[in-house]
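Step one of this worksheet: look at the structure below.
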Amino acid sequence: MSTTPVPAAIARAKATITGWLLLVGGAAFLVGGGMHPRVDAPDGGTKERLRVMFEDGDWYPSQALMLAGTACIAAALVSLVRRCLPAGAPSRYAAVVAAVGAALASVALLVHLLAAGEADRLAGGGATPITDALVVVDTIAIPVFGLAIAALALLGALTRSLGNVVVAIPGVVGGVGYALAAGTILISDRLDGLFPTAIGIALWAAAVGVQLLLRDRRATVTA
């Protein structure tokens with residue numbers, strides 16, 4: 001009867017944790033994104049659109065779920081960099097940037113939660129420092145997160161180190177679409193319709209998580 005070497009068993013356990021983090025993170029981000037309030041072209045610009053969303057009852061649960069999901073994805077990406085992707089691989093460099101982007105996006109989503117407390121000030125024309133910070137942070141953090149996920153999905157598929165071509169499609173589309181929508185909110189609302197494409201990031205994360213879990217299961221059976 002063969003036994004699994006301890007280092008190999010530890011490596012598989014960490015891969016399993018990474019897989020679950022991606023799966024849970026993707027699921028939470030998907031549900032939160034689905035609950036995100038929608039605004040049908042109100043007058044008044046970015047702040048008016050934000051005020052309408054802040055006052056929607058789904059704002060807090062949607063942002064909380066997206067925050068939890070993004071934080072799980074960030075933790076999974078750190079684990080991928082440290083344990084699952086080979087040194088020197090292009091996908092590993094993309095994962096490093098994606099991990100930083102996911103951490104920044106988590107901070108941005110926390111600001112989203114805090115900014116909703118300024119809904120009354122927005123309605124009354126008062127000072128809204130947190131909302132102002134939200135807009136600036138979004139234009140920096142979300143594009144980094146989205147584009148890095150798109151790059152990781154593509155490189156991971158091309159090098160067969162993470163996911164595959166089919167799985168990469170929603171990751172690339174979602175990452176690029178999310179980046180374009182958030183990166184232009186200060187200058188235009190024409191790309192706001194791309195925000196829902198962010199669900200592609202959730203689908204990619206969940207799919208890669210499942211693949212890692214299945215890979216670990218097969219390795220355990222054959223060990």
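The values are calculated or read from the model by the stated rules, or taken from the named source; none is laboratory data. This one's a predicted model, so the numbers in the text were calculated from it and none came from an experiment. With ideal geometry, Cβ positions are generated from the backbone for all residues, glycine too; neighbour counts draw on all protein chains shown. Note: accessible area is taken over every heavy atom of the protein model, side chains too, but ligands, DNA and RNA are not part of it. Shrake-Rupley method; radii C 1.70, N 1.55, O 1.52, S 1.80 Å.
Annotations
- To the nearest 10, the accessible area of Asp132 is 70 Å² with a 1.4 Å probe.
- Candidates Leu85, Leu22, Leu109, ranked by Gaussian network fluctuation over the chain, Cα under 10 Å, top entry: Leu85
- Under 12 Å, Cβ to Cβ, from Leu77 - net charge with Lys/Arg +1 and Asp/Glu -1: +3
- Applying the Karplus relation 6.51 cos²θ - 1.76 cosθ + 1.60 with θ = phi - 60° to the stretch 182-194 yields 3J(HN,Hα) values of 6, x, 10, 5, 6, 10, 6, 10, 5, 9, 4, x, 7 Hz, where x marks Gly and Pro.
- Using just its DSSP H runs of length 4 or more, each adding -39500 (n - 2.57), the chain gives a mean residue ellipticity at 222 nm of -26000 deg cm²/dmol after division by all residues.
- Using a probe of 1.4 angstrom and keeping all protein chains present, the accessible surface of the stretch 141-222 works out to 47 square angstrom per residue.
- Whole-Hz Karplus values for the stretch 62-74 come out as 5, 5, 5, 5, 5, 5, 4, x, 5, 5, 5, 5, 4 Hz, taken residue by residue from phi with 6.51 cos²θ - 1.76 cosθ + 1.60 and θ = phi - 60°; glycine and proline positions read x.
- GNM flexibility winner over the chain from Ala202, Ala127, Ala102 (Cα, springs under 10 Å): Ala127
- With every protein chain in place and a 1.4 angstrom probe, the accessible-area ranking of Leu155, Leu80, Leu110, largest first, reads Leu110, Leu155, Leu80.
- Residue by residue, the stretch 16-33 carries 3J(HN,Hα) couplings of 5, 4, 4, x, 5, 4, 5, 5, 5, x, x, 5, 5, 5, 5, 5, x, x Hz when phi is fed to the Karplus relation 6.51 cos²θ - 1.76 cosθ + 1.60 (θ = phi - 60°); x denotes Gly or Pro.
- Glu55 exposes around 100 Å² of accessible area when a 1.4 Å probe is run over every protein chain in place.
- Here the accessible area of the stretch 83-214 is 72 percent carbon and sulfur, with a 1.4 angstrom probe and all protein chains present.
- Nearest-10 value in Å² for the accessible area of Ser79, using the 1.4 Å probe: 20 Å²
- If the Kirkwood radius is taken over C-alpha pairs of the chain, then at 37 °C and 0.692 mPa s the Stokes-Einstein diffusion coefficient equals 182 µm²/s.
- Cα centroid separation, the stretch 121-170 to the stretch 81-120 (Å): 8 Å
- Counting only Cβ charges, +1 for Lys and Arg and -1 for Asp and Glu, the dipole size of the chain around its Cα centre is about 1360 debye.
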